[in-house]
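Inspection log for the structure reproduced underneath, given as structure tokens.
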Amino acid sequence: MNLISQRMRGPWTLFKKELLRFWRVGFQTVAAPVMTALLYLLIFSHVLGSRVEVYPGVPYTVFLIPGLIMMSVLQNAFANSSSSLIQSKVMGNIIFVLLTPLSYIEFFSAFLAASIIRGLCVGFSIYLVSMCFIDLPLNHPWIILAFAVFGSGMLGAFGIIAGLWAEKFDQMAAFQNFVIMPLSFLSGVFYSIHSLPPLWQTVSHFNPFFYMIDGFRYGFFGMSDISPWFSLSVVIASFITLSLVTIGMLRAGYKLRG
Amino acid sequence: MTPAIQLTQVHKHFGALHALKGVDLNIEQGEFFALLGPNGAGKSTLINLLAGLLRPTSGTLSVMGFDVLKDYRQARHALGVVPQELVFDPFFNLREMLRFQAGYFGRGNENDTWVDEVIECLGLTDKAHTNMRRLSGGMKRRALIAQALVHKPPVIVLDEPTAGVDVELRHTLWEFIKRLNREGHTIILTTHYLEEAEELCSRVALMKQGEVIALDSTKNLLASIPGKNLKLKLSAAVPQSLMAMVRHQDALDYMLNLNEITQIEFVLAELRNANVSVLDMQLIEPDLEDVFVDLIGRS
């Protein structure tokens, strides 16, 4: 650790603490989402596997996996920063970080980086486990990584916003159930938006999760509903916007420093 | 010498509430200073402003010459705060918590020896690997003190450090804090136990409704109350003629303030005339509590 410059040790320590925090309860934070994704896979592929073919030549079960991976990456990146913040706010131990010389940028970076790592850990674990059953093509690994990193970054930032805003656990649960869940379920994880009526196709275009899932899937199959470059631009733009909002809130000390 | 703490015309509003009304305060390096006052006087607000947990509406605050807003990094390096609530991080054990805390201040492995020394001084060595959740209240309190010290701050603020702490631990804690003061640390504390402040602190600020209403050495404050206190247990209420001398009363237990010791004869005579008999009697030097009650009542 002493290899890191003294100035960087502060944010590095916070990042390390945030990593350890979820790693210590890895059964709940990594193994559980992998299990959930596998259950989705099992059920949906059994029910729909023989009836639906979204992309020509791609069995439904195979089509489903990238969407499930990305959905889990996003949900877990959000869960990491949001639950850490709300817990330390409710417990009161957020004060230990607020008393230190860490700047709001350093605070943001540490929480964001830990969220991205959690998202990637969960995503990679689902990928590894699903490889045991299914042969998944990997057409553009860098695109896959780019979507995973920026997507989890965006949700990590969103998690910080939710964590700052919420004052109680039920407010956080509401955020999760009424914002994150609908956005992720209505993003095309289980279907192609071309199978939707025109109105819902239009609505889907306003959902940033749709671009993340669609672009991520392109990395595997080389096929997507819309151009992956357009999707990547939307994801990066959303990531930057949410990060700026988060940084602004931290800078103002929103609900942290009165 | 740069003051350890300097507040200039500090105001803090919470909506309509004017929590601090232009506080000016200088605390010199090496002082053992007490901040006293009833609940809601603004003590915690003042501490939170120093710690950067709150931002002042106007005015400036500095720690060791560093402005808490403009030079917040240096100011926070110079300050160790022991919060009033028993807060802890349930994911980690004591040693991990302390090492993380030191890390936030930019300290690496080279600081581990100091962390272990603090753990030892506070009698926590056998709990170093215990999860914070499993520590008792007193242990958690000590852990909070340890946490405030890991980055070796020259100024230490303790917000009600002995609230809910048993007598023995309270004694150990004060011995440790006195040692820190002897070693050159500036100590600022808030406490409800006035006898603690009287025994330990060289200077006292008394706050009421967002203002410092008295700021002096403990000695001078004690001298400001003339005479002595007479504690009486009576068979009936005191006669009207003595009411002006009553400092406080609890049923038939009275505390009377005597300007001069000779007044005792007058008191006894009045009681005899009123047919009130004395069941118990004690002559007491005024303490900080009397000063406190006197000033709070007067202002």
Within the range A:208-258, residues among the polar types (S, T, N, Q) and more than 19 Å from A:ILE144 (Cα to Cα) come out as A:THR241, A:SER243, A:THR246
Result of the Cβ filter at 9 Å on the range B:275-299, keeping first residues that are in contact (Cβ under 8 Å) with a residue 40 or more places away in the chain and in a helix (DSSP H, G or I) and partners that are among the acidic types (Asp, Glu) and surrounded by fewer than 17 Cβ atoms within 10 Å (Cβ to Cβ), at least 6 apart or interchain, is B:LEU288/B:GLU195; B:GLU289/B:GLU195
Inside the range B:52-70, the number of residues satisfying the requirement of being crowded, with 17+ Cβ neighbours inside 10 Å and more than 8 Å from chain A (Cβ to nearest Cβ) is 7
Residue set B:GLN249, B:GLN282, B:GLN240; condition surrounded by 13 or more Cβ atoms within 10 Å (Cβ to Cβ) and of a type in the set (S, T, N, Q); output residue B:GLN249
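Return yes when B:LEU36 is at pLDDT below 95, crowded, with 22+ Cβ neighbours inside 10 Å, over 15 Å from A:PHE96 (Cα atoms) and assigned by TED's automatic domain parsing to the domain that holds B:LYS208 and no when it is not.
yes
Does A:MET8 fit the bill of being surrounded by fewer than 16 Cβ atoms within 10 Å (Cβ to Cβ), among the aliphatic types (A, V, I, L, M) and within 14 Å of chain B (Cβ to nearest Cβ)?
It is true that A:MET8 is surrounded by fewer than 16 Cβ atoms within 10 Å (Cβ to Cβ), among the aliphatic types (A, V, I, L, M) and within 14 Å of chain B (Cβ to nearest Cβ).
Table: residues versus (1) buried (at least 21 other Cβ atoms within 10 Å of the Cβ); (2) in a helix (DSSP H, G or I); (3) in contact (Cβ under 8 Å) with a residue 12 or more places away in the chain.
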site	(1), (2), (3)
A:VAL122	yes, yes, yes
A:LEU128	no, yes, no
A:LEU136	no, no, yes
A:ASP170	no, yes, no
A:GLY219	yes, yes, yes
Within the range A:94-115, the residues that are within 7 Å of chain B (Cβ to nearest Cβ) and aromatic (Phe, Trp, Tyr) are A:PHE96
Being of a type in the set (Asp, Glu), within 25 Å of B:GLU175 (Cβ to Cβ), modelled with pLDDT under 95 and surrounded by fewer than 17 Cβ atoms within 10 Å (Cβ to Cβ) narrows B:GLU110, B:GLU117 down to just B:GLU117
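Scan the range B:5-44 residue by residue and report those that are basic (Lys, Arg) and under 15 Å from B:VAL157 (Cβ atoms).
Selection gives B:LYS43 alone.
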Exercise for the section: Kindly check whether there is at least one residue in the range A:29-52 that is within 14 Å of chain B (Cβ to nearest Cβ) and either out of contact with any helix residue (DSSP H, G or I) (no Cβ under 9 Å at 6 or more places or on another chain) or within 23 Å of B:PHE91 (Cβ to Cβ) (or both). Expected result: yes
What about A:LEU85, is it among the aliphatic types (A, V, I, L, M), in contact (Cβ under 8 Å) with a residue 60 or more places away in the chain and within 25 Å of A:ALA32 (Cβ to Cβ)?
yes
Among helices (runs of 4 or more DSSP H) entirely inside the range A:1-108, those with 3 or more residues being out of contact with any strand residue (DSSP E or B) (no Cβ under 7 Å at 6 or more places or on another chain) and within 22 Å of A:ARG251 (Cβ to Cβ) are A:6-24, A:60-91, A:94-98
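The values are calculated or read from the model by the stated rules, or taken from the named source; none is laboratory data. Note that the coordinates shown come from a computational prediction; the quantities given were computed from them, not determined experimentally. Every residue, glycine as well, gets a Cβ built from its backbone with ideal geometry; the counts of neighbours run over all protein chains shown.
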